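*Asks:* Before I ask anything, let me first share the structure, which is written out below as structure tokens.
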Amino acid sequence: MNKEIKTRVLIITYYWPPSGGAGVQRWLKFAKYLPEFGWQPVVYTPENPEAPTTDESLSKDIHPDVQVIKKSIWEPYAWYRRFTGKDKNQRINAGFLQEKKSNRFLENISVFIRGNLFIPDARKFWIKPSAKFLIKYLQKNHIDVVVSTGPPHSMHLIALEIKKRLDVKWMADFRDPWTNIDFYKDLKLTRRSDKKHQRLEQEVLRNADIVLSVGETMGEELERLGAKKIEVITNGFDANDITEIKQDLDVDFSIVHVGSINKDRNHEVFWQAIEELVAENEMLSQQLVLKFIGKLDHDVFEQVQRRKLTKNFKYIEYIAHDQIMRELMKARLLYLPINKSPNAKGIITGKLFEYFAAKRPVLVVGPKDSDVQKIIDLTKSGQVYDFEDRTGIKNYIRECFSKYIEGNDRELKTNVDEFSRKNLTGKLSTILEELSHE
């Protein structure tokens, strides 16, 4: 039985169904469960966003008590496609992921323009009209707390404008860092642009009543940058996504990765380990399937070809989210590469928690003593190996393959309940309640 809904939260988000991808999940799931804790979510989102994927299956998770307000947005991506010679219908990937080799000179110019003219991002043209619309909306409609979630960080600047005009309680949710994100160094920023990014970031952090982070390390970084109050709620998994899925493992020894891989996440050490294992073990060579689902940088395909792994490699560009969990639960081993970047210890990808829900062992390639390492150790869900630890990676894959051969790799016993979306929403509800009464 739901609590009687008395309190309302406005959620400003760029990503919302039918947009697909990782950026949608966090607040779609929060909004799904918030009514059970007495909150009515009001979602403000673009009518026509430049989303990397579309996933109609996610619409089933929109709670009937959620009010969705959509307004059109103009973004400069049509110009970008013409300038770089891309097809007019080609989707734009995040994080410098390049599926095909492109004209480096034109790409460098477009990156310079992106970093220096579109601050903080290409959605900057939505800030003023959205702030104007929402200020009028809030003057006529009661809202207890305003939430902005980024990236794109233009969403925070919309909320900042509202905060300056109205006496509202504001929570700024950072799913990823702003100036400390792994590709910030690649934006070709002038000194002036870099200072503007930093100034805007600090203005958001200092004016938000609460800054919400997905991990401890990022929370500490945001606090050092000026946030006055930090709360941490990780991403999670929705148990309802798997209730009707029968776990039927792949016949082959499948190593599965779901999600995009850009160049910083494509670790040569993994491919070296696989190449050597295939050469050393004929049985593994015959039964190994590397199943990669999602957009991949062209460097991934080059690694596969260079190491003669084409016969073992299965690529699926995209499947709907409700089918992703089936693939995860069928896997013999799940692969999770962490960006090799200065902020790597604080990166906690959202897919980690859906890996947990699948109850299959997880192989992480990333830094030791990281936030992910702590969560993996806590849940007993797998192993983490450093970016250079080829021997460790090989030994763990051998161990998993031996269990597969012996028929001893059934459901993994893990401790992941605290990361369920419903439990995490309960924690969020408590923070929102306290904020609304300050």
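*Asks:* Along Cα→Cβ, 7 Å out, is where each label goes; now give me the distance between the ones at Q247 and M283 in nm to one decimal.
*Replies:* Label-label distance for Q247 and M283, simple model: 2.3 nm.
*Asks:* Specify the angular offset, from 0 to 90 degrees and rounded to the nearest 10, of the alpha carbon long axis of helix 127-140 from the longest principal axis of the alpha carbons in the chain.
*Replies:* Taking the Cα atoms of the chain, the angle to 127-140 is about 60 degrees.
*Asks:* Oh, and also: I'd like the antiparallel share, as a percent to the nearest 5, of DSSP beta bridges with both residues in region 239-417. Each step should come with its number before you reach the end.
*Replies:* Values: 0 of 21 bridges.
Within region 239-417, antiparallel bridges account for around 0 percent of the total.
*Asks:* Assuming a ≥ b ≥ c are the square roots of the Cα gyration tensor eigenvalues, decide whether region 183-303 counts as rounded (a/c under 1.5), prolate (otherwise, with a/b larger than b/c) or oblate.
*Replies:* On the way: a/c = 3.40, a/b = 1.74, b/c = 1.95.
Oblate, because a/c is 1.5 or more while a/b does not exceed b/c.
*Asks:* So if we plug the beta-carbon distance of E406 and E216 into 1/(1 + (r/R0)^6) with R0 = 30 Å, what FRET efficiency do we get, rounded to 0.05?
*Replies:* The formula returns an efficiency of 0.20 here.
*Asks:* Now, a different point. Once each part is reduced to its C-alpha centroid, what is the distance from region 45-71 to region 286-339 in angstrom?
*Replies:* Cα centres, region 45-71 to region 286-339: 28 Å.
*Asks:* Can you give me the pair-distance distribution of region 116-261, C-alpha pairs, 10 Å bins, whole percents?
*Replies:* 10, 33, 29, 16, 9, 3, 0
*Asks:* Hand me the trypsin sites (Lys or Arg not before Pro) from region 363-399 located in a DSSP loop with no more than 10 other Cβ atoms within 10 Å, in residue order please. Write down the numbers at each step before the final one.
*Replies:* Working: sites: K368, K374, K380, R390, K394, R398; in loops: K368, K380.
Taking region 363-399 and a limit of 10 other Cβ atoms within 10 Å, no loop trypsin sites (Lys or Arg not before Pro) are found.
*Asks:* Turning to a different aspect of this structure: What are the residues whose amide H is under 5 Å from the amide H of K314, where those residues sit 5 or more places off or on another chain and H is modelled from the backbone?
*Replies:* L290, K291, F292
*Asks:* Take the Cβ-Cβ distance between K413 and Y315 as r, set R0 to 35 Å, and report the resulting FRET efficiency rounded to the nearest 0.05.
*Replies:* Details: r = 32 Å, r/R0 = 0.90.
Given R0 = 35 Å and the Cβ-Cβ separation, E is 0.65.
*Asks:* Okay, moving on. Given axes a ≥ b ≥ c from the Cα gyration tensor, I'd like to know whether region 327-433 is rounded (a/c under 1.5), prolate (a/b larger than b/c) or oblate.
*Replies:* On the way: a/c = 2.68, a/b = 1.34, b/c = 2.00.
Oblate.
*Asks:* In degrees, nearest 10, range 0 to 90: what is the angle between the Cα axis of helix 268-280 and the longest Cα principal axis of the chain?
*Replies:* Approximately 20 degrees, to the nearest 10.
*Asks:* Starting from the eigenvalues of the Cα gyration tensor, five times each then square-rooted, give me the equivalent ellipsoid semi-axes of region 301-355, largest first, whole Å.
*Replies:* Values: eigenvalues 96, 80, 20 Å².
Equivalent-ellipsoid dimensions as semi-axes: 22, 20, 10 Å.
*Asks:* Right, something else. Please go through region 125-214 and write out the GluC sites (Glu not before Pro) that DSSP classes as loop and that have at most 12 other C-beta atoms within 10 Å.
*Replies:* none
*Asks:* What translational D, rounded to a whole number of µm²/s, comes out for region 158-219 from Stokes-Einstein when the hydrodynamic radius is the Kirkwood one over Cα pairs, at 10 °C and 1.306 mPa s?
*Replies:* Details: Rh = 12.9 Å.
My calculation gives 123 µm²/s for D.
*Asks:* How far is helix 390-406 tilted, in degrees, relative to the longest principal axis of the Cα atoms in the chain, given as a value from 0 to 90 rounded to the nearest 10?
*Replies:* Tilt relative to the chain: about 70 degrees.
*Asks:* On to the next question. For a footprinting-style exposure proxy, rank E438, E36 by other Cβ within 10 Å, fewest first.
*Replies:* Working: E438 8, E36 17.
Ascending number of Cβ neighbours within 10 Å: E438, E36.
*Asks:* Taking only C-alpha pairs under 8 Å that are 6+ residues apart, what is the relative contact order of the chain in percent? Display every interim value, and only then the final one.
*Replies:* On the way: 777 pairs, mean separation 63.7, N = 438.
Computed over the chain, the figure is 15 percent.
*Asks:* Still on this structure, I have one more. With a/c under 1.5 counting as rounded, go ahead and sort region 239-417 into rounded, prolate or oblate using the C-alpha gyration tensor (a ≥ b ≥ c being the square roots of the eigenvalues; past the cut-off, prolate if a/b is larger than b/c, else oblate).
*Replies:* Details: a/c = 1.27, a/b = 1.08, b/c = 1.17.
Here region 239-417 falls in the rounded category.
Values quoted throughout were computed directly from the atomic coordinates according to the rules given, and no laboratory measurement underlies them. Just so it is clear, the model here is predicted, and its values are computed rather than measured. Reconstructed Cβ throughout: ideal geometry from the backbone, glycine too, with neighbour counts over all protein chains shown.
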